[in-house]
Amino acid sequence: MSTPVDLLMIQKPTWSATAERAQSLAPLLRALGDPNRLQLVLLLTERAHTVRELTDATGLSQTLVSHHLAPLRDNGLVTVTPRGRANVYELCCEAFAEPVKMLASVATSTDAGAEACCVVSN
């Protein structure tokens, strides 16, 4: 059985693969790099929301919420489902898996980073 330490000890990419990994990771990080978009993602971790609910929760205008949801949707980080006259947005957790693995490999590339990442709370 894998321990949390085993799961975080992700194999480091070869030099030839780093450019490809950077190319695939950059758009996702760009999409998450805006504080408003990150706030929307954090709200969507709780449950699916309509644009109206996200507008009410953030205080942003409906146009601005829709504007910020577009790059999240375009990068596959959220999905949208029409429901009546509203669109319901939901986090696509699978889309976060590969970027998290890539970032974990960066974080665990040093002994101190590996130790910090492998702390298990009880």
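Evaluate region 52-60: report whether one residue or more is among the polar types (S, T, N, Q), free of Cβ contacts under 8 Å to residues at least 40 places away in the same chain and crowded, with 17+ Cβ neighbours inside 10 Å. Working first, answer last.
Taking region 52-60 as the starting set, the residues that turn out to be among the polar types (S, T, N, Q) are 55, 58.
In the following step, the residues that additionally are free of Cβ contacts under 8 Å to residues at least 40 places away in the same chain were identified as 55, 58.
When the remaining residues are screened for being crowded, with 17+ Cβ neighbours inside 10 Å, the result is 55.
Yes, the conditions are met somewhere in region 52-60.
Filter region 61-87 down to the residues that are in contact with a Ser or Thr (Cβ under 8 Å, 6 or more places away or on another chain) and farther than 16 Å from PRO27 by Cα, then identify the one that is surrounded by the most Cβ atoms within 10 Å (Cβ to Cβ). Walk me through how you get there before you give the answer.
Initially, region 61-87 is screened for residues in contact with a Ser or Thr (Cβ under 8 Å, 6 or more places away or on another chain), giving 61-62, 65, 73, 83, 86-87.
Now narrow it down to the ones that are farther than 16 Å from PRO27 by Cα: 61-62, 65, 83, 86-87.
Working: SER61: 10, GLN62: 12, VAL65: 24, ARG83: 10, ALA86: 13, ASN87: 16.
Only one residue tops the list, namely VAL65.
Within region 77-85, does at least one residue satisfy the condition of being out of contact with any Pro (no Cβ under 8 Å at 6 or more places or on another chain) and touching a residue at least 40 places away in the same chain (Cβ under 8 Å)?
Yes, region 77-85 has at least one match.
How many residues are of a type in the set (A, V, I, L, M, F, W, C) and part of a loop (DSSP other than H, G, I, E, B) when one looks only at region 68-77? Working first, answer last.
Start the filter on region 68-77 by keeping residues that are of a type in the set (A, V, I, L, M, F, W, C), which leaves 69-70, 72, 77.
Narrowing the set further to residues that are part of a loop (DSSP other than H, G, I, E, B) leaves 77.
Residues meeting the conditions: 1.
Just checking, does region 109-117 include any residue being more than 20 Å from GLN23 (Cα to Cα), surrounded by fewer than 12 Cβ atoms within 10 Å (Cβ to Cβ) and under 18 Å from the mean Cα position of the chain (by Cα)?
Checking region 109-117: not a single residue is more than 20 Å from GLN23 (Cα to Cα), surrounded by fewer than 12 Cβ atoms within 10 Å (Cβ to Cβ) and under 18 Å from the mean Cα position of the chain (by Cα).
If you scan region 88-104, which residues turn out to be in a strand (DSSP E or B) and either modelled with pLDDT of 95 or more or surrounded by fewer than 11 Cβ atoms within 10 Å (Cβ to Cβ) (or both)?
Answer for region 88-104, where residues must be in a strand (DSSP E or B) and either modelled with pLDDT of 95 or more or surrounded by fewer than 11 Cβ atoms within 10 Å (Cβ to Cβ) (or both): VAL88, TYR89, GLU90.
Of the residues ALA31, ALA26, which single one is surrounded by 14 or more Cβ atoms within 10 Å (Cβ to Cβ) and assigned to a helix (DSSP H, G or I)?
Working: ALA26 fails: surrounded by 14 or more Cβ atoms within 10 Å (Cβ to Cβ).
The unique qualifying residue is ALA31.
So which of VAL80, VAL65 ends up being in a strand (DSSP E or B) and at pLDDT 95 or above? Steps first, answer last, please.
Numbers: VAL65 fails: in a strand (DSSP E or B).
Exactly one residue qualifies, and that residue is VAL80.
The values are calculated or read from the model by the stated rules, or taken from the named source; none is laboratory data. Nothing here was measured: the structure is a model prediction, and the numbers come from that model. Don't worry about glycine lacking a Cβ; one is built from the backbone with ideal geometry, like all the others, and counts go over all protein chains shown.
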